[in-house]
Amino acid sequence: MMSTFIQKIVGTASIGILLIIFSCQKTERSTVVEPGVSLTLAKDRASDISDIHYQLFFSIPESINDSIPAKATIRFNLRSTENPLVLDFNVTQDHLLNVQIDGNDVDYVFQNEHILIPKKSLKSGENVIDIVFIAGETSLNRYEEYLYTLFVPDRASTAFPCFDQPNLKASYSLTLEIPSSWQSTSNGVLKKIDTNNERSTYHFEKTKPISSYLFSFVAGKFQTVSETRNGRTMIMYHRETDSLKVKNNVQSIFDLHYSALLWLEEYTAIPYPFEKFEFALIPFFQYGGMEHPGAIQYKASSLFLDESATQGQLLGRASLIAHETAHMWFGNLVTMDWFNDVWLKEVFANFMAAKIVNPNFPEVDHELRFLLAHYPAAYSVDRSLGTHPIQQTLDNLKNAGTLYGSIIYQKAPIVMKHLELMIGADQMKAGLREYLKTFSYDNATWDDLIEILDSKSEDDLGYWSEAWVKSAGMPIISLERQFHENTVNAIEFRHMNENSPSKGWPQPLSISVHRGDEASNFSLLLNDQSATLSLPEPLEDPDFILPNINGVAYGYFKLDDKSLDYLLEHIQNIPEAKTRGIVWLTLWEAMLHHEIPPQRLMEVLVRSLPLESETLNIQEMLGYLSTCFWKFHDQEERLAIAGSLEDLLWKLIQENTDNRLKVSFYRTFRNIVISDDGIKKLKDLWEGSLTIEGLQLSENDYTNMAYQLALRDIDGTDDILNKQLARIQNPDRVARMQFVIPAVSNEEGVRDDFFERLKQVENRHNESWVQEAVGYLNHPLRSSSAEKYILPSLELMEEIQKTGDIFFPTRFITNTLRGHRSQEAAQTVRDFLSKRPDYPVSIKNKILQASDMLFRAAEGNDEL
């Protein structure tokens, strides 16, 4: 139904007639703007436009099949009228109904996702533009009972006309008309609700200045929970139907938010900078969370954890909440000037999150946790042919989504930790406080921050930044023992990466030299292409030398053969848990660099797993074990070790007294089981005829069990899937399973039809469902029949980059390639890229990152 305000504006004329009239309007101008927001356009507008305020109205209909009438009143100051004004509106022209200034229709041009306002209609000083339109729905995530907006990085203009660039901050006043059975939250404080028959109108107060990608609203059938602590009210919106799950999680969720807010206020010396603090838990949200000020959005499953949640999941939730809360200062209060510095907001959110969660988990080795949470993921990109600098170039915001990934989220916090160690924690805090105060409610660059920090340090932060922030790749550091009369009197360390900066990557090494039960530790600054550690006294030939004993240095540490052999045989004799974690990471990278055969590493993992006492190490070892099993063993090799491996995991499930570890061992067993005996145990667990004392399985565990059984092509698969579907009560999770089931079908034709449907953008609407389904389509047990999906999946990447959210392209192609290990699959990727020399570099890099493990498994990691 058309809202009253639209009826008043349109009068008796039909929308169709209006579309014809307005689409025929022309202006006398020759300016041509390209699609997206180019850097040139962004700079021009930032110098001309200021003091922006959006007054927005959206009328959300009951049915998702009906369009959304809307209106925008945009107030701003214009410095110059020498050029036409360019507004961004990335929709088809039929969405634009009327543009007026001072009550008069404007002779605008609609061109390449922009509304061009002629300069004759503008004036220096304040201008007010009224626009009537149909809201674009690319980033209005609409479902039967709810919707939410997600506008990062440049998607606000897919919904409403605006200046869609981060350095044109604006205040927003939102009026939202929705079904009366719904609720809503947005950035601003709720001023009042008017209810009339079956419609309610929510009026939100004017916000503080924020960037367009941070404007947001959520509306739908949600439940609310609120808490007030020391005068601060926090409200949570959710759709969870399991009241016990809500009860078990809600207190922890509020505790973690509250403690994060207090910590950040103390660290920054700035009170919470926005008017309210609310958050909505969205079923199957695209990300873990999104930091909209006053209205954070989370993936519901990331906060509502099962009773059997592992320590890693508990830590992950705490880190996610701290991350999004830290964004209120780092990213929202002070925002990057251009999206080439998007890493700047993410690095401090992650960096602060690591500091914030520590007090809440005193039993955790946080240095080990930081190592395992950041280094493996950063290495996964930096060792690939698709690596890139932390700070990347960006010529147009339409490509901003390709900047995201592990280099931003995992490597950048490591680099920032190096910086803090270099200049000192107190100087870092003082510099960040000055940075936040100087640029509050404004924009800043990395160079602005490094200038502030450089003034507080005696080190050359300019060169350090050039090497670590603005150069691609990571150091490959080799060591060589220097002998004198059968003793070692020095150790030489060298950078080997041909892509390294001219002087290499400056960083301190913490070196441990072991012989027998004795260890000697040394420090060395690797500030050039090579450096030599001269030992104070000659040593008998050491058993092993570890160049990164404190776990801080970053790079692939290429150990000598003697060190490798010793560590493979004696890793569980190392008493310190953190050192064992460092060694496991070093051995894993050595295997990926073909220094260790996968079969040997698997033997060491199997031998060591029952002896490991540190939960964080166990989780990491289980990940290595699963990847090694599927990616670096063929099916014949898997079958040869399956029985003993499954028996080991089954024994660990039964004997372990830590219920969370039981679940970890169980999930690994579930994911790798292929023997007849193991599959029978899995089926009996799903049916309930077999139980294990202390093993708490969730609804999600049983659903995943059903999928895994289907992938094993056992009898009665359809019956198992249908019974599991009937067990689920939550309508959102029912819809998800209904979507995924064809991807695990035993019938290849059903899977083929499902994949064909994914080629249509409307069938990729729920991206998390698609990611899960694509992973099952390309599961290692189905890899032979799934190789035909690789080429069309690659061919979809450019479209997915344009239509999907920021993480979807990477996750889509990663889940596609994860299950493959053959030479043929690797060659398909190589051929695809080699035949397209002009392929967009940013998307090519995503493909190369996703292909790295495939290339290594297929022994085809030559440069393209």
Would you check the stretch 330-460 for Lys pairs whose C-alpha atoms are within less than 18 Å, ignoring same-chain pairs closer than 8 in sequence, and give me the count?
13
So if each residue of separation counts as 0.36 nm, and I subtract the Cα-Cα distance between LYS206 and LYS247, what length gain in nm does that give?
11.4 nm
Net +/- balance of residues flanking PHE89 in space, Cβ distance below 11 Å, scoring K and R +1, D and E -1
-3
GLU540 versus THR195, label points 7 Å from Cα toward the beta carbon: distance in nm?
8.4 nm
What number comes out for the charge environment of TYR298, summing +1 per Lys or Arg and -1 per Asp or Glu over other residues with Cβ under 14 Å away?
-1
Which peptide among 364-373, 268-277 comes first, and what is the full order, when sorted by highest mean count of other Cβ atoms within 10 Å?
364-373, 268-277
Would you mind calculating the gained length between GLN599 and ARG79 on full extension (0.36 nm times residue separation, minus the Cα-Cα distance), in nm to one decimal?
180.4 nm
Which value in Å is the Kirkwood Rh of the chain over different Cα pairs?
29.2 Å
Across the stretch 632-645, in residue order, what do the Karplus-derived ³J(HN,Hα) couplings come to in whole Hz, using 6.51 cos²θ - 1.76 cosθ + 1.60 with θ = phi - 60° and x for Gly and Pro?
10, 10, 7, 4, 5, 5, 4, 4, 5, 10, 4, x, 5, 5
Where does each of GLU636, GLU589 land when they are ranked from fewest to most other beta-carbon atoms within 10 angstrom?
GLU636, GLU589
I'd like the FRET efficiency for ASP561 and GLU275, computed as 1/(1 + (r/R0)^6) with the beta carbon distance as r and R0 of 60 Å, rounded to 0.05.
0.45
Aspartates and glutamates with Cα under 18 Å of LYS119, excluding same-chain neighbours fewer than 8 positions away
GLU28, ASP44, ASP48, GLU82, ASP88, ASP102, ASP105, ASP107, ASP130
With each label point set 7 Å from Cα along the Cα-Cβ vector, what nm distance links GLU569 and ASN659?
4.3 nm
If you take the beta carbon distance between GLU699 and LYS759 as r and set R0 to 30 Å, what does 1/(1 + (r/R0)^6) give as a FRET efficiency, to the nearest 0.05?
0.45
Can you work out the FRET efficiency for the pair SER455 and GLU62, with r the C-beta to C-beta distance and R0 = 60 Å, to the nearest 0.05?
0.55
Sort CYS628, CYS162 by Cβ crowding within 10 Å, fewest neighbours at the top.
CYS628, CYS162
Taking θ = phi - 60°, what integer Hz values does the Karplus form 6.51 cos²θ - 1.76 cosθ + 1.60 yield along the stretch 91-104, in sequence order, with x for Gly and Pro?
9, 7, 5, 5, 7, 8, 9, 7, 10, 9, 10, 6, x, 10
Once the principal axes of the Cα atoms of the stretch 634-697 are found, what is the range along each, listed largest first in whole angstroms?
34, 23, 14
The chain - mean residue ellipticity at 222 nm from DSSP helices (-39,500 (n - 2.57) per run, n ≥ 4, rounded to 500)
-13000 deg cm²/dmol
Inter-site label distance for ASN230 and SER689 at 7 Å from Cα along Cβ, in nm:
5.8 nm
Local electrostatic count at SER745 - Lys and Arg +1, Asp and Glu -1, tallied over other residues with Cβ under 12 Å
-4
Would you mind calculating the relative contact order of the chain from Cα pairs under 8 angstrom and at least 6 residues apart, reporting the percent as a whole number?
8 percent
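Where a number appears in this text, it was derived from the coordinates with a stated rule and is not lab data. If you're wondering where the values come from, they're calculated on a predicted model, not measured in any experiment. Positions of Cβ are backbone-derived with ideal geometry, glycine not excepted, and every protein chain shown enters the neighbour counts.
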